[in-house]
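A.B. asks: One structure follows; several queries about it will come next.
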Amino acid sequence: MELVFLGTSAGTPTKSRNVAAAAIKMASAKAWYLVDCGEGTQQQVLHTNLSLMNMQAIFISHIHGDHCYGLPGILASASMLGRTEPLTIIAPAAIKEFLKGVQAGTKLTLSFEITFIEIEAVDEQLEFDDFLVEITELSHTIPSFAFCFIEKNIERKLDIEKLEKEGVAPGPVWGFLQDGEDVMLPSGEALICDNYLLERRSPRKVVIAGDNDTPTLLAECSEKIDVLVHEATYTAKVEEKVGNEYQHCSAKRVAEFAQEASVSNLVLTHFSPRFHNIGTGENSITALEVEAKDAFSGGLFLASDFDVFYLDQDSCLVKKF
């Protein structure tokens, strides 16, 4: 599985960070899924290998502008590029009205159909080609949500040790068994595929959360989270200074939750523009990293725009570039 970060700033863009957007996909697939779409996301996509023709769905966590103002632009661009495949949007109901207003006011027509799913009406898993998606409501100044992507289509691997022990040589027979077909050998012996396929491994699980001041709300979906992507808008010191009016989260609090929930990997994003990439002072990105490291012992990453992360089948997350 891969994660591509298209925007990692909170509220407003900076010279090095655009506002919120991230893509998730299977590593070998062209198809991808967009989570949040801050202003300028369509421009960010141009700097990646992602194609708007292969975008399968857009998930919007909440209606604040830094998470949704780029939506009309990315839809218009897809249409102007000639997209005809339908697109699913999963978002708060207000986003549907927002899009209607933009389309009416700007005379925007699209070359493809949109299937709109209102988050408020979702009470079960959503199913897509590559993932099952569960939705959890969070705590913010307006309704905000997290999306849990659960891997589908997990192949059962051949029990090679057993095949070799029984003298079944590599070749077409192995291929038939791998494809789930029983095989009759020339000797008349029947090989039942289920006897030569190992149990499926556990599906990988990635949670991408919208703005949220209460990480413990993710406890219900926290069983074996391979990757948690969560805002770290402030340090604890800044959070104490600004108070809880804006209902954002510090690096410390989300790291403490991740440690308690045994999350394998934590990726922090959505950093206040007050935190700079240069230096090591209290207004540096390093200050957020140090705070999180003090509370969390798993794989810790602070995302930058255009970072690409790869999650292997052993829950090891690595930054590709």
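The values are calculated or read from the model by the stated rules, or taken from the named source; none is laboratory data. Please read all numbers here as calculations on a predicted model, not as lab measurements. Because the Cβ atoms are built from the backbone with ideal geometry, glycine has one as well, and the counts that use them run over all protein chains shown. Heads up: the accessible areas ignore ligands, DNA and RNA and are worked out on the full protein's heavy atoms, side chains in. Shrake-Rupley method; radii C 1.70, N 1.55, O 1.52, S 1.80 Å.
A.B. asks: Determine the calculated [θ] at 222 nm for the chain from helices alone, applying -39500 (n - 2.57) to every DSSP H run no shorter than 4 residues and normalising by the residue count; nearest 500 deg cm²/dmol.
C.D. replies: Calculated from helices alone, the mean residue ellipticity at 222 nm is -6500 deg cm²/dmol.
A.B. asks: What's the percent breakdown of Cα-Cα distances in the chain across 20 Å bins, shortest bin first?
C.D. replies: The distribution over the chain is 31, 50, 17, 2, given as percents.
A.B. asks: With r as the distance between the Cβ atoms of Ser262 and Val242 and R0 = 41 Å, compute the FRET efficiency 1/(1 + (r/R0)^6) and round to 0.05.
C.D. replies: 0.85
A.B. asks: Moving on. Rolling a 1.4 angstrom probe over the protein heavy atoms, how many square angstrom per residue are accessible across region 184-272?
C.D. replies: 45
A.B. asks: Then there's this: Could you estimate the translational diffusion coefficient of region 1-159 from the Stokes-Einstein equation, with Rh from the Kirkwood formula over C-alpha pairs, at 20 °C and 1.002 mPa s, in whole µm²/s?
C.D. replies: Translational diffusion coefficient: 132 µm²/s.
A.B. asks: Taking only protein heavy atoms into account and a 1.4 Å probe, give the accessible area per residue of region 41-138 in Å².
C.D. replies: With all protein chains present, region 41-138 gives 50 Å² per residue.
A.B. asks: Another question about this same structure. At q = 0.19, 0.29 Å⁻¹, what is the base-10 log of I(q)/I(0) for region 210-278 according to the Debye formula with one equal point scatterer per Cα and no solvent? Please give it to two decimals.
C.D. replies: For the requested q values the scattering log ratios are -0.71, -1.36.
A.B. asks: Need the full-extension length gain, Lys100 to Thr84, defined as separation in residues times 0.36 nm minus the C-alpha distance. One decimal, nm.
C.D. replies: Length gained, Lys100 through Thr84: 3.8 nm.
A.B. asks: Let me ask something additional. Give the residue from Val290, Ser16, Thr235 lying farthest towards the positive end of the charge dipole for the chain; charges sit on Cβ (+1 for Lys and Arg, -1 for Asp and Glu) and the dipole is referred to the Cα centre.
C.D. replies: Of the options given, the answer is Ser16.
A.B. asks: Return the distance in nm (one decimal) between the two label points of a simple spin-label model at Lys319 and His276, each offset 7 Å from Cα along Cα→Cβ.
C.D. replies: 2.0
A.B. asks: Pop the C-beta distance of Glu137 and Asp194 into the FRET formula with R0 = 41 Å and round what comes out to the nearest 0.05.
C.D. replies: In this case the efficiency is close to 0.50.
A.B. asks: Given a cut-off of 29 Å, name the pairs among Lys157/Lys319; Lys30/Lys96; Lys224/Lys252; Lys30/Lys319; Lys100/Lys241; Lys162/Lys320 whose C-alpha atoms lie farther apart than that in the structure shown.
C.D. replies: Lys100/Lys241; Lys162/Lys320
A.B. asks: Only four residue types carry charge here, +1 at the Cβ of Lys and Arg and -1 at the Cβ of Asp and Glu. Report the dipole size of the chain about the Cα centre in Debye, rounded to the nearest 20.
C.D. replies: 1180
A.B. asks: Taking the simple approach of a point 7 Å from Cα along Cα-to-Cβ for both Thr115 and Thr48, what is their distance in nm?
C.D. replies: 2.2
A.B. asks: Moving to a separate point now. Under a 10 Å cutoff between Cα atoms, tell me which one of Thr214, Thr12, Thr106 has the largest fluctuation in the Gaussian network model of the chain.
C.D. replies: Looking only at Thr214, Thr12, Thr106, the biggest GNM fluctuation is shown by Thr106.
A.B. asks: Right, here's the next one. On full extension of the chain, what length is gained from Arg201 through Lys293, given 0.36 nm per residue of separation minus the C-alpha to C-alpha distance?
C.D. replies: Between Arg201 and Lys293, full extension yields an extra 30.2 nm.
A.B. asks: In debye, nearest 20: dipole of region 188-260 around its Cα centre with unit charges on the Cβ of K, R (+) and D, E (-)?
C.D. replies: Here the size comes out at about 200 debye.
A.B. asks: Now, a different point. Take the Cβ-Cβ distance between Ser187 and Glu155 as r, set R0 to 25 Å, and report the resulting FRET efficiency rounded to the nearest 0.05.
C.D. replies: In this case the efficiency is close to 0.35.
A.B. asks: Computing the accessible area with a 1.4 Å probe over protein heavy atoms, can you report the carbon and sulfur percentage for region 34-163?
C.D. replies: Answer for region 34-163 is 48 percent, counting heavy atoms of protein chains only.
A.B. asks: Within a Cβ distance under 11 Å of Val19, other residues only, what is the Lys/Arg minus Asp/Glu net charge?
C.D. replies: Once all neighbours under 11 Å are counted, the net charge is -3.
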